[in-house]
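Data block below; observations after.
The values are calculated or read from the model by the stated rules, or taken from the named source; none is laboratory data. None of these values were measured; they are calculated from a predicted model. No Cβ is skipped: glycine too gets one built from the backbone with ideal geometry, and neighbour counts run over all protein chains shown. For the accessible areas, the whole protein counts, side chains as well, though only heavy atoms, and no ligand, DNA or RNA atoms are used. Shrake-Rupley method; radii C 1.70, N 1.55, O 1.52, S 1.80 Å.
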Amino acid sequence: TGTEYASAETKNIEMQKNHENVGFWRLMPSAFITWIFAKSIRNASVLAASYGMLGAVAYAGWYLSFFSASIVIYLLRTRHNSTSLPRSIQYCYGDLAQCLFCLGLLYRLNNEVWSNSVIVAGFYGETYSAQWWGAIIFSTLVPAVYVFIGGMRSSLISDVIQAGLAFLFLFIILGQIGADENFDINKQPEGGYAEGGWELLAVAVIQGLYSYPFHDPVLTDRCYLSTPKTMLLSFTVGGFVSMLFIILFGIIGVYGKQVAGSGEPQAVGGALGATAYTLVNFVFMTSSMSTLDSTFTSTSKIFGLDIGGWFKQLNSENRGDKIGPLSLNDVKYMNKKHVLVGRIAIIFMAIIGTLPLLADAEALNATLVSGTTVMGLGPPIYLLIFWKWRGGEKNEFGWYRSPLTFTFSFITGVVYGALYQANGQDAIGEFDDNLTWGEKFGVGSYAVLLGTNVWGHICCTLAALLGFILDQ
């Protein structure tokens, strides 16, 4: 922004201007397009091919995260003057809780790098071919370079452009599909659609409302960029737009099932011809780059501010008293060392986030259940809304800091996620009733996943309450 080396007074004035300048028409498109991941629209297409339009609607259920994240953080900002989610967690739940939270965020960001670049690479060559690796490197390098130079501001500006392009390309593709007289969106495939769509929708609603949004800093970081009211409006509209985009993209999957026997975007694009194949490619490229630039921005914030704020050597000599996670408002404590750490973190994440592609496909599939693994984030973060501050005459009966609340809930979620990764996915295919936890809810492919999430969220909530009672 050009103010990182200015005086404290100048920085605070500039920060207030920045909050006012990130208005609705910058924040809403940015929030929308950064959550239209390449893997998300691919999943929407594939699910629609398997479960009909119900599959796309089910996947859109995760986009309830827009509403839950924005409402929670709006209340935190207006009730408790929260300036950063990691900072609020550290204040109420302690240093270990903030460390665990940051590890959960980094796990999510690491997944975002490879899982988005690999979708784009599928358009350019066979897996592990030279062309495939070239697409992986290029689609990761481009957003890393411009975020390395321009930070969050470059990400916001590019997001607005990418959002417009994504909708333009989608409507052109849907226009071509609509021109096919043989296409009938209500036509059932031979044997009908698979069972399990309603169970997946239930999983999406549970995670989207209760836990999923809080492990994605790409989403939550943007909740602090503008004034609370502007943020809430931007995320409300952005959430509806995102859900609409996902559902509309499901039409492509249904069409692909009828003409190509698959909802894979490459197959659908190929069936439509060279022009449509290129447009589908453009949709995935813009969505991947918009996600990756935000991923690198959030990575730099975690290392440069959330973690970097703990180290005195990053602060100048006359500002060494501020120890702990820094928020975007703590500009008077920031200097070029924080910027350097953030830029190094971008390079680090670009490399580390690509390494999982060297593993086998089964290991990659196991990492996609991150939403189940972090279900323990919901209870302690919702509790922050009702936190009673201790200290002073008016708050002498407030609550003590409660490390066990966060730790018990978070670890319970990780255990459930690990159990599901270990044998829950096998149980999906084998319908094995001898699970070591929970039970199946419903029928079809996602009965085990739904059972895991229902019992997991209940146990995480009870664990958080137990930890809170013990600490008080």
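The calculated 222 nm mean residue ellipticity attributable to helices in the chain amounts to -22000 deg cm²/dmol, summing -39500 (n - 2.57) over DSSP H runs of n ≥ 4 and dividing by all residues. Other residues with beta-carbon under 15 Å from the beta-carbon of residue 221 carry, at +1 per Lys or Arg and -1 per Asp or Glu, a net charge of +1.
The C-alpha atoms of the chain define a longest principal axis, and helix 38-51 lies at about 40 degrees to it. For residue 339 and residue 205, the FRET efficiency from 1/(1 + (r/R0)^6), where r spans their Cβ atoms and R0 equals 45 Å, is about 0.65.
Extension gain for residue 390-residue 471 works out to 27.8 nm (0.36 nm per residue, less the C-alpha to C-alpha distance).
The angle between the Cα long axis of helix 228-259 and the longest principal axis of the Cα atoms of the chain comes to about 20 degrees, rounded to the nearest 10.
If R0 is taken as 60 Å, the Cβ-Cβ distance between residue 145 and residue 397 corresponds to a FRET efficiency of 0.65. With protein chains left intact and a 1.4 Å probe, residues in the chain average 42 Å² of accessible area per residue.
For a modelled paramagnetic label at residue 187, 7 Å from Cα along Cα-to-Cβ, the residues of region 266-288 in reach, with backbone nitrogen under 18 Å, are 267-273. Rounded to the nearest 0.05, what FRET efficiency do residue 323 and residue 278 have when you use their Cβ-Cβ distance and R0 = 41 Å? It comes to 0.20.
Think of each Lys and Arg Cβ as +1 and each Asp and Glu Cβ as -1; about the Cα centre, that makes the dipole of the chain roughly 1780 debye.
The 1.4 Å probe gives accessible areas that order 390, 77, largest first, as 390, 77. Across 220, 275, the residue with the most accessible area heads the list, and the full order at a 1.4 Å probe is 275, 220. Can you give the percent of C-alpha pairs in region 35-186 whose distance is more than 26 Å? The share of Cα pairs beyond 26 Å in region 35-186 comes to 47 percent. Label region 165-262 by shape, choosing from rounded, prolate and oblate, from the square roots a ≥ b ≥ c of the eigenvalues of the Cα gyration tensor; if a/c is under 1.5 it is rounded, and otherwise prolate applies when a/b is larger than b/c, oblate when it is not. Oblate, since a/c reaches 1.5 and b/c is not below a/b.
Between residue 351 and residue 443, the modelled label-to-label distance comes to 5.2 nm, taking each label 7 Å out from Cα in the direction of the beta carbon.
Measuring between alpha carbons in the structure, the pairs from 229/301; 39/301; 39/187; 229/388; 39/332 lying more than 29 angstrom apart are 39/332. Residues 36, 251, 323, 351 ordered from highest to lowest accessible area at a 1.4 Å probe: 351, 323, 251, 36. Distance between the 7 Å Cα→Cβ label points at residue 176 and residue 96: 5.6 nm. Between 0 and 90 degrees, the angle of helix 8-21 with respect to the longest Cα principal axis of the chain falls at about 30 degrees. Using a probe radius of 1.4 angstrom, the carbon and sulfur fraction of the accessible surface of the chain is 64%.
The residue list 468, 331, 286 was ranked by how far each Cα lies along the charge dipole of the chain toward its positive end, using unit charges on Cβ atoms, and 331 comes out on top. Toward the positive end of the charge dipole of the chain, about the Cα centre and with charges on Cβ (Lys, Arg +1; Asp, Glu -1), which of 382, 358, 128 goes farthest? My answer, from the dipole projection, is 382. In a shell of Cβ-Cβ distance under 12 Å around residue 406, excluding residue 406 itself, what net charge do Lys and Arg (+1) and Asp and Glu (-1) give? Within the 12 Å Cβ shell, the charges total -1. Model label points for residue 131 and residue 80, set 7 angstrom from Cα along the Cα-to-Cβ axis, are 5.3 nm apart.
For the chain, the fraction of alpha-carbon pairs lying more than 33 Å apart is 37 percent, rounded to a whole number.
Net charge of the neighbourhood of residue 53, taken over other residues with C-beta under 13 Å away and scored Lys/Arg +1, Asp/Glu -1, is +1.
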